[in-house]
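In what follows, a single structure is set out as structure tokens and then discussed.
Every number in this text was worked out from the coordinates using simple rules, so none of it is lab data. Every value quoted in this text rests on a predicted model; they were computed, and no experiment measured them. Every residue, glycine among them, receives a Cβ derived from its backbone with ideal geometry; neighbour counts consider all protein chains shown.
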Amino acid sequence: WRVMSALLNAVGAVLSPEQLVERVLDLLFEEVPADRALVLLRDEKSGKIETQVVRHREEAPREKLRPNKMIISHVIERREGVLCSNTTTDPRFSTDERADSAPGIGLQSVICVPLLARETVLGAIYVESAMATHIYTEEQLRLVAAIGQMAGLAIEDVRLVDQRMQTE
């Protein structure tokens, strides 16, 4: 509950969607053991999903974050969160391309959830951890999904306020 309260407090203090997603990742790193995470948002003009913020835990190896695009596509298209305990062996998301594109990163546990604002997918939150460090649970998926729902509504609200201010 503490994380939900902190997210609600952040919404009132935030001036832009970019600041809000920064705060969302701050909260995620406080609550979920993640080596790396990112937030993707749909560009309002082009409709393209783009990375907004990338975060690495200080003590985690600083390999470039190469999220599994199949997981992100699944989350955005189906509007549902994904818990993937092992990205290299999960038949839903493992490909030879993934193994080739991320040398040295090793076995990853991933949570990816949509950022939803009512019926619209605004983007996604993608969190990963080396399996040697942590394997995510259903409870953590539910927590990140709840954060994603609240953050999606907050992003929409911030955008609506910004649009209204620009028209006045």
Using the basic label-point model (7 angstrom from Cα toward the beta carbon), what is the Glu138 to Arg92 distance in nanometres?
1.3 nm
Quantify how much of the Cα-Cα distance distribution of segment 17-59 extends past 14 Å, in percent.
49 percent
